[in-house]
Amino acid sequence: MLVQILLVLHLALSVSLAGGPVKPSGWSPQGRYDWSHEIRCAQISANQDQESNNSDMPKTTAAGTLPDVSRILFLGDSITYSGHYITLLETAIRIQHPERDVELLNLGLPSETVSGLSEPGHACGQFPRPHLHERLTRVLDEVRPDLVVACYGMNDGIYFPLREDRFLAYREGIMQLRTEVQRRGAELLLLTPAMFDAQPIADRLLPDGLETYPQPYKNYDDVLEHYAQWLLTKRMDHWNVVDVHGAMKTAVLERRKTEPNFTFAADGVHPNEAGHEVIAQALADHWGLDLNTEPVQASDDIRALVAKKQENMKHAWLTRTKHLRPGIPAGQSLEEAEKSSAGWKQQISDLVGRD
C-alpha cells in the first residue's frame, strides 16, 4: 500500500512542479490540485487488494507472452478505428504463430470517449462525441471476447486544459469499462493515450486561461501525460497497462535530435503508419512478438490480406452492434463478412506455408 500511495504522490508532485496559470474547480488558489481524494482512493484500493484472495484477482497474461485466447477485441477512438497497428500485430501473429487461430477484432469508433464528454460544437455541431458506454454492453455481449484491448484518452480531455471534473469522468469511465469486462470473465489490457503533438499545429493552438477551446489547448499533451501516469499507477492494483504514450513521446524526441521537424501526426492527433508501428511495437513487446524479423518486414502480401480482412470485419461488427456515430460506412452482414474473411484467412495460411 505504501508504494502505491508514493506513486500517487509522485504524480501529484509532477503536476505541481509543472505549474501554469490554470486554476479550474478542484484546484487551490495557488494552482495546486487537491490530491487528498486520490490518496484516499489509493489507500482504499490497496486495502481491498490485500483483502482479496488470489482466486478473485482479474485475469492477466504474463508480459512477454502471447495471450492464450481465441478472440481479442480492440476498442478505442479514430486511432484504433484506422487499424494499422492492429494489422501489424495480426500479421506478426500469423507469421510467428501459424498454429494459433486467434481472432483480432477492431471495433474502434472515431470521435469516441470513455468519459462521455464532448466539447461544444463538436463536428461543427452535427453530433456530440460518441460515448463508449452507450454501446459497450451490446459489443461485449455480441463479440464475447476473451481479451479486450482499449485505448482511450485522446478525446477524453476534449482538447481543454486539465480539470478535475474531466479527469474524474475519464477515471470513472475506465473503471466502469474494467468492471464490465471482468464481469464477463474476460481480461482487460489498457493502453495509455497516444501522444498529442503540438509542434506541427502550433499556430492553431490556444493558451491557458480561456473559457472555451474551439481549437486545442497548446499543452494538451500534458493532460494526456497526466491521464497516462494515472493508468500506470494502477499497475499496483494489478491492472494490465502498456505505455503507448511514453513510447511515442520517446520516439519523437529521439528523432528530433537529428530531424527537428519530425512528427508522427501532421494534425497533432492521428499518427501516420510510422506512429502506428510504435504503438504496435509496444504491444508486440508485451506479447513476445517480433515486428522486426525479415519475414514480418517482407510480408507485404500477407499484410495486405490481413488489412482487407480487418477492414471488412470491422464494419460488419460495428454495424451488427448498432453504433450511433454518423458517417461510418455500413458493413456486410456478419455472416457474409465471415465468409469473405474465411477466404482471406486461407490465402494468408497458404502464403505463410509457402514462406
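The values are calculated or read from the model by the stated rules, or taken from the named source; none is laboratory data. Quantities reported herein were computed from a predicted structural model and do not represent experimental measurements. Neighbour counts run over all protein chains shown; Cβ positions are idealised from the backbone, glycine included.
Provide a single number: the residues in region 235-258 that are assigned to a helix (DSSP H, G or I) and touching a residue at least 12 places away in the same chain (Cβ under 8 Å).
Adding up the residues that qualify gives 10.
Every residue in region 328-348 that is touching a residue at least 40 places away in the same chain (Cβ under 8 Å) and under 23 Å from Gly76 (Cβ atoms), please.
Keep residues of region 328-348 that are touching a residue at least 40 places away in the same chain (Cβ under 8 Å), which gives 328, 347-348.
Across region 328-348, the qualifying residue is only Ile328.
Provide a single number: the residues in region 154-163 that are out of contact with any strand residue (DSSP E or B) (no Cβ under 7 Å at 6 or more places or on another chain) and either more than 18 Å from Arg325 (Cβ to Cβ) or among the basic types (Lys, Arg) (or both).
Of the residues in region 154-163, 3 are out of contact with any strand residue (DSSP E or B) (no Cβ under 7 Å at 6 or more places or on another chain) and either more than 18 Å from Arg325 (Cβ to Cβ) or among the basic types (Lys, Arg) (or both).
Taking region 275-314 on its own, how many of its residues are part of a loop (DSSP other than H, G, I, E, B) and either closer than 12 Å to Thr87 by Cβ or of a type outside the set (D, E, K, R) (or both)?
Selection size over region 275-314: 7.
Out of Leu189, Leu210, Leu147, which single residue is under 26 Å from Leu253 (Cβ atoms) and either basic (Lys, Arg) or out of contact with any Ser or Thr (no Cβ under 7 Å at 6 or more places or on another chain) (or both)?
Leu189
Can you tell me which residues in region 262-274 are free of Cβ contacts under 8 Å to residues at least 24 places away in the same chain and not in a helix (DSSP H, G or I)?
Across region 262-274, the qualifying residues are Phe262, Asn272.
Report, by residue number, each residue of region 217-232 that is in contact with a strand residue (DSSP E or B) (Cβ under 7 Å, 6 or more places away or on another chain) and under 26 Å from Asp203 (Cβ atoms). Can you show your working first?
As a first pass, look at region 217-232 and keep what is in contact with a strand residue (DSSP E or B) (Cβ under 7 Å, 6 or more places away or on another chain): 217-218, 231-232.
Across region 217-232, the qualifying residues are Tyr217, Lys218.
I'd like the full set of residues that are of a type in the set (D, E, K, R) and either touching a helix residue (DSSP H, G or I) at 6+ places or on another chain (Cβ under 7 Å) or surrounded by 20 or more Cβ atoms within 10 Å (Cβ to Cβ) (or both), limited to region 131-145. Please lay out each step first, then the result.
Of the residues in region 131-145, the ones of a type in the set (D, E, K, R) are 134-135, 138, 141-142, 144.
Matches in region 131-145: Arg135, Glu142.
Name the residues in region 315-333 that are out of contact with any Asp or Glu (no Cβ under 9 Å at 6 or more places or on another chain), farther than 18 Å from His84 by Cα and assigned to a helix (DSSP H, G or I), would you?
Thr319
For region 321-337, how many residues are within 22 Å of the chain's Cα centre (by Cα) and not small (Gly, Ala, Ser)?
Final tally of qualifying residues: 7.
Could you list, in sequence order, all residues of region 273-322 that are of a type in the set (Lys, Arg) and in contact with a Phe, Trp or Tyr (Cβ under 7 Å, 6 or more places away or on another chain)? Spell out how you get there, then give the answer.
Here is the first cut: in region 273-322, the residues of a type in the set (Lys, Arg) are 303, 308-309, 314, 320, 322.
Lys308, Lys309 - these are the residues of region 273-322 that are of a type in the set (Lys, Arg) and in contact with a Phe, Trp or Tyr (Cβ under 7 Å, 6 or more places away or on another chain).
Applying the selection to region 225-274, what residues are of a type in the set (A, V, I, L, M, F, W, C), surrounded by fewer than 16 Cβ atoms within 10 Å (Cβ to Cβ) and within 25 Å of Tyr81 (Cβ to Cβ)?
Ala266, Ala274
If Asp355 satisfies all but one of (1) in contact with a Pro (Cβ under 9 Å, 6 or more places away or on another chain); (2) modelled with pLDDT under 95; (3) surrounded by 16 or more Cβ atoms within 10 Å (Cβ to Cβ), what's the number of the condition it fails?
(3)
Working carefully through the options Pro128, Pro161, Pro120, find the one that is touching a residue at least 60 places away in the same chain (Cβ under 8 Å) and surrounded by fewer than 19 Cβ atoms within 10 Å (Cβ to Cβ).
Answer to the selection: Pro120.
Any residue at all in region 78-100 that is among the β-branched types (Val, Ile, Thr), at pLDDT 95 or above and part of a loop (DSSP other than H, G, I, E, B)?
Within region 78-100, not a single residue is among the β-branched types (Val, Ile, Thr), at pLDDT 95 or above and part of a loop (DSSP other than H, G, I, E, B).
Please work out if Pro295 is under 30 Å from Arg204 (Cα atoms) and not aromatic (Phe, Trp, Tyr).
Working: under 30 Å from Arg204 (Cα atoms): no; not aromatic (Phe, Trp, Tyr): yes.
Spelling it out, it is not the case that Pro295 is under 30 Å from Arg204 (Cα atoms) and not aromatic (Phe, Trp, Tyr).
Among (1) closer than 25 Å to Glu180 by Cβ; (2) modelled with pLDDT under 95; (3) of a type in the set (Gly, Ala, Ser), there is one condition Gly121 misses while meeting the rest; what is its number?
(1)
Determine whether region 90-104 contains at least one residue that is buried (at least 18 other Cβ atoms within 10 Å of the Cβ), under 24 Å from Trp287 (Cβ atoms) and polar (S, T, N, Q).
Yes.
Looking only at region 82-124, how many residues end up being under 15 Å from Glu277 (Cα atoms) and not aliphatic (A, V, I, L, M)?
Residues in region 82-124 being under 15 Å from Glu277 (Cα atoms) and not aliphatic (A, V, I, L, M): 7 in total.
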